[in-house]
1. Which values, in whole Å and largest first, are the semi-axes of the equivalent ellipsoid of region 502-652 obtained as the square root of 5 times each eigenvalue of the Cα gyration tensor?
2. Going by the alpha-carbon gyration tensor, a ≥ b ≥ c the square roots of its eigenvalues, is region 100-194 rounded (a/c under 1.5) or, if a/c is not under 1.5, prolate (a/b greater than b/c) versus oblate?
3. Expressed in nm², what is the orientationally averaged projection area of the convex hull enclosing the Cα positions of region 305-359?
4. Quick one: what are the phi-derived ³J(HN,Hα) couplings along region 419-430, Karplus 6.51/-1.76/1.60 with θ = phi - 60°, whole Hz, x for glycine and proline?
5. Which of rounded, prolate, oblate describes region 517-587, given a ≥ b ≥ c as roots of the alpha-carbon gyration tensor eigenvalues and a/c under 1.5 marking rounded, otherwise prolate only if a/b is larger than b/c?
6. Give me Rg over Rh for region 392-500, both radii from the alpha carbons and Rh done the Kirkwood way, two decimal places.
7. Amide H to amide H under 5 Å from residue 108: which residues, 5+ apart in sequence or cross-chain, H placed 1.01 Å off N in plane?
8. Given the Cα-Cα distance of residue 76 and residue 49 and 0.36 nm per residue of separation, how much length would full extension add, in nm?
Amino acid sequence: MPKRYDESKTGALDALHVENRVFRPDPQTVIEANVTPDDLEAALALAAADPLAYWERAAEELEWHRRWERVLDDDDPPRFRWFAGGRVNIAHNALDRHARSGNKNRLALIWEGEAGDCRKFTYYELFREVNRLANAFRSLGLVRGDRVTLYMPPLPETLIAMLAAAKVGASHSLVFAGFSARFLRQRINDARSKILVTADGFYRGGRVIPLKPVVDDALHGVHGGCAETVLVVPRVGIDVEMTAPRDLFYHDVVRRESAEAACAAMESDDELFVLFTSGTTGRPKAVAHAHGGFMVGVHHTFREVFDVKPTDIYFCTADPGWITGHAYGIYGPLLAGATSIMYEGHPLYPQADRLWSMVARHGVTALYTTPTLLRLLMRYGPQYPKKHDLSTLRILGSVGEPIGAETWLWLHKHIGRSRCPVLDTWWQTETGMMMISPLPISPLKPGSVGKPLPGIAADVVDAAGNSLPPGKGGFLVIKKPWPGMFKEPTEDMGEARACLSDYWNRIPGMYFAGDMAHRDEDGYYFIQGRADDVLNIAGRRMGTAELEAALLSHRGVAEAAVIGLPDRIKGQVAKAFVAPVPGYEAQFDGEDGLRADIARHVRRELGPIVAFKAIEFRESLPHTRSGKILRRALRDGELGVERDEGETLEDE
Ligand code: PRX
């Protein structure tokens, strides 16, 4: 008997919305595209015949201090090293190169605060700001190979600090400003950061969100030698406690520094940044990206997919704290010499037309955003985009979670005026760059992420690694290395490091990071979701193990299990099942009091971005014979799925 879903309860109807139309590109788009159909054919042919020659060409488009000896050092798989022997600094290519060329006076960044205040930087201005901070970092003792933690909202100084760290050869670790003090402390310790950069606070949803007090809390109990210096950017002007000599105001430090600074000539494989990402076990793990490979992969795919032109104004709505913000909010546009927009605040502030008003006011030509945000905006209806002139838009991109045909069609019709291509791009923190995506010249199928980009050896396989025919779902794998692939952070990060073999050994010899997919007869890929216990809540990865650990650290919780449920706006939400310690609720005036306390506790542990849709109490939780909690049984119960008698529930 097939599984039955109660559609009214789960919203599964949307997911089943089938759209068979194919949307062909506008002829003008094809004529004007950087990558024409002929170019694409040639690129695919070269990449298939000689992938290393393909990526070597991509690397030649950038400036290197010293040319590589080998395009790919594959002597110790899966520890692949791209452009081995080459010396390069991404900051040189993202800034210095432009500041000394015809791009010098082009706008690099348009930053808009939530209240509507704007700050604009040309490439030359940004270059000078970055140099000042790079010099300040050097004066504070930061050297090549160190790490800097940034606990920053979207501010120009966030971008400046990332590039200044890169310039001196330090690796940056950006912690999203919605994470808790405990999280931040752990990440500072993991990264052994000498310097922390933060802000006094920022604006979001019409409120001031203080950050410095969170930092002060985080720094209690931080390891010796970590965060010896804290630079504070005064964004909102609130009173903050400054602890001498540790805490310094950003402007006091950069004011006395020169606006000239040289880039450290890094080995191509040297670490540029780390980002933490959730997996199936334990706490989030740090993945690292290197100057050379990440730079080449992001530069190449950004220009290919977004078809960047000198006149473009590009707007990525992702927070810089996530990989999308790193790769295509900051580095991609700078490497391409483009003009990009960064927005500080809430997308619904002061009204549901904030994004559309920004598109109209700045003349945005390319918009890269997420399905959750689009579904949220859709709910307010098309009258909001209708109020604004969106005619400058020419390319729309989506990332992070399945967009689904309904949202795709809304975006295409109401935002793209049925003319702009909607590009659903599939990639991950670990891949570092877009992997599967249509190009503006591609015929589009709503709900599909298109085909692998040239140079990306994707496939859909069974557990033994055999390629599956069209229509059959299986594991989405990448069979050959690609330049943006992550590397393991240096050994000093110990247990916090993501391990390459976890990704390359599950299906021997191939990279598998957890997604299921199928292809159609035309070779178009459709992402079916995660194969593991990683949730995707509003486009943010959360491990059930991580959420359960936070629940279990509450003294009233004896057992806990977390499952993901479908949600109309967020794609997925988390529901917790908790077996309380018997009698514990008496301390809280009953179950509701205990439930509220557990919710508060988890927020404190993990940060304000974490919330459960519901916390349900059970006397006990279902287990397998080996003692593991059966999340699947809980999920089936919630979704009304019935299984055949005799169908066994395997361990999860
Ligand atoms: O499950 C896939 C989903 O997001 C995961 C990667 O999450 P993260 O590392 O946080 O990076 C997000 C931004 C690149 C993937 O394993 N995902 C990403 N893009 C898509 C997607 N699912 C469906 N469609 C996409 N376009």
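1. Equivalent-ellipsoid dimensions as semi-axes: 31, 19, 15 Å.
2. oblate
3. Over all viewing directions, region 305-359 projects a mean Cα-hull area of 4.0 nm².
4. Whole-Hz 3J(HN,Hα) from phi for region 419-430: 10, 7, x, 9, 9, 8, 9, 9, 5, 8, 3, 6.
5. Verdict is prolate for region 517-587.
6. Radius of gyration over Kirkwood radius for region 392-500 works out to 1.05.
7. Here the answer is 121, 122, 123, since their amide H atoms fall under 5 Å of that of residue 108.
8. Taking residue 76 through residue 49 to full extension adds about 7.4 nm, to one decimal.
Only the coordinates and a few stated rules stand behind these numbers; no lab work does. It should be emphasised that the depicted structure is a prediction, and the values quoted were computed from it without experimental measurement. Ideal geometry is used to build each Cβ from the backbone, glycine not excepted, and the neighbour counts take in all protein chains shown.
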